[in-house]
1. State whether the residues of segment 180-203 include one that is more than 27 Å from the chain's Cα centre (by Cα) and at positive phi.
2. Of all the residues that make up segment 188-221, how many are among the β-branched types (Val, Ile, Thr) and within 23 Å of residue 127 (Cα to Cα)?
3. Just for segment 142-166: of the residues that are in contact with a helix residue (DSSP H, G or I) (Cβ under 8 Å, 6 or more places away or on another chain) and of a type in the set (Gly, Ala, Ser), which one is farthest from residue 102 (Cα to Cα)?
4. Cβ-Cβ under 6 Å, sequence separation 6+ or interchain: first residue in segment 173-199 and under 23 Å from residue 156 (Cβ atoms), partner at pLDDT 85 or above and part of a helix (DSSP H, G or I). Which pairs?
5. Please verify whether segment 48-57 includes one or more residues that are farther than 16 Å from residue 217 by Cα, open to solvent by 40 Å² or more (accessible area, probe 1.4 Å) and aromatic (Phe, Trp, Tyr).
6. How about segment 220-239: which of its residues are over 15 Å from residue 71 (Cβ atoms) and surrounded by 13 or more Cβ atoms within 10 Å (Cβ to Cβ)?
7. Look at segment 88-134 and say how many of its residues are farther than 22 Å from residue 212 by Cβ, assigned to a loop (DSSP other than H, G, I, E, B) and open to solvent by 80 Å² or more (accessible area, probe 1.4 Å).
8. Restricting attention to helices (runs of 4 or more DSSP H) lying wholly within segment 1-73, give those where 2 or more residues are over 23 Å from residue 230 (Cα atoms) and free of Cβ contacts under 8 Å to residues at least 12 places away in the same chain.
Amino acid sequence: MASKPRKTAEDYVFDTANTIFLLLVMVVALYPLYYIVIASFSDPDLINAGKVWLFPRGLTLAGYERLFSTSIIWIGYKNTIIYTLVGTSINIGLTIPAAYTLSRKDVVGRDFFMILITITMFFSGGLIPRYLVVKNLGLINKIWCMVLPNAVMAWNLIVSRTFFRSTIPDELLEASRMDGCGNGRFFASVVLPLSPAIISVMVLFYAVFHWNAFFDALMFLREESRHPLQLILREILTASEVDSSMIDNADELVEMMRMADL
C-alpha cells in the first residue's frame, strides 16, 4: 500500500487557519439563533439593558406562558401546518410529472414551453393583476388562495427537469417499452423509485416556502381564524411595538410635566 504523504509545515498552518476561519463563520451564523433562545428565557428588562450576552439572566417563562395562553397562536400553527401539507402535496404532484415530461426528448414543443416557463422568472403580471385573478376565481379568504397561485415554481421545475435529463437515460425507456411498459407505468414504476433525492429536495423547498408564507396571506385572507402563523406573529410584534411606543411617549410626557412644574 502506498504511504500517505506527510504534511508539511505549510499544510498545518493552512489547516489551522482554515479551521479557525470556519469556526468563526459558524459562531457568526449560530450566535443569533442562540441569542434568541437565551433571550426567550431571560428578563426583558435585562435584555433591553443589554446585559444578556452568553447566558440567560433572570430566568423566566413568562414570555412563553403569555404567548401560548393566546388561542390565536394555536390557530396559526394549525393553519400553517394545513397550508404546508396541502400546498406541498399539490406542488410535488404537479412539479415532478411536469419536470419529467419536459425532460423527454420526444415531447413536441417542450422547448417552447420551457421558454414560457422561464419568462415567468423574470416578468410577472404585478400585484394588482394577481389579486384580480385570485378574486375572480373566487379564492379570496379560502385555503386555495395560499396554495394554488404557487402550485408550480419555475425554478424548482427547471431543477427537477435537469435532474431527470441527467439521471433517467433514454435507453432505460426504450428497454421498458420493449417489455410492454407504457409511459404512465414507466413513470410510476421506474422514474419515481429512482428519484427520491429530487423529490426530497423539492418537498423541502416547497415546505419551507409554505411555512414562511406571509405576503399572500396578507393580501388574500380576511378572517383572522384563517391567518397563518407568520401573519399572527407579525400582528403580535406590531401590537407590542405600538405598546412600547405609547409607553415611551407617556414617559416623555411625564418628564415634560415634571419639568414644567419645576
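1. yes
2. The initial filter retains those residues of segment 188-221 that are among the β-branched types (Val, Ile, Thr), namely 190-191, 198-199, 201, 203, 208.
From what is left, the residues that are within 23 Å of residue 127 (Cα to Cα) are 208.
Going through segment 188-221 one residue at a time, the tally reaches 1.
3. 151
4. Final answer for the pair search is 191/100; 198/160; 198/163.
5. Within segment 48-57, one or more residues are farther than 16 Å from residue 217 by Cα, open to solvent by 40 Å² or more (accessible area, probe 1.4 Å) and aromatic (Phe, Trp, Tyr).
6. Of everything in segment 220-239, those that are over 15 Å from residue 71 (Cβ atoms) and surrounded by 13 or more Cβ atoms within 10 Å (Cβ to Cβ) turn out to be 220, 221, 228, 230, 231, 234.
7. The number of residues fulfilling the criteria is 5.
8. The helices (runs of 4 or more DSSP H) meeting that bar are 9-40, 44-48.
The values are calculated or read from the model by the stated rules, or taken from the named source; none is laboratory data. All values reported here derive from a predicted model rather than from experimental measurement. With ideal geometry, Cβ positions are generated from the backbone for all residues, glycine too; neighbour counts draw on all protein chains shown. Note: accessible area is taken over every heavy atom of the protein model, side chains too, but ligands, DNA and RNA are not part of it. Shrake-Rupley method; radii C 1.70, N 1.55, O 1.52, S 1.80 Å.
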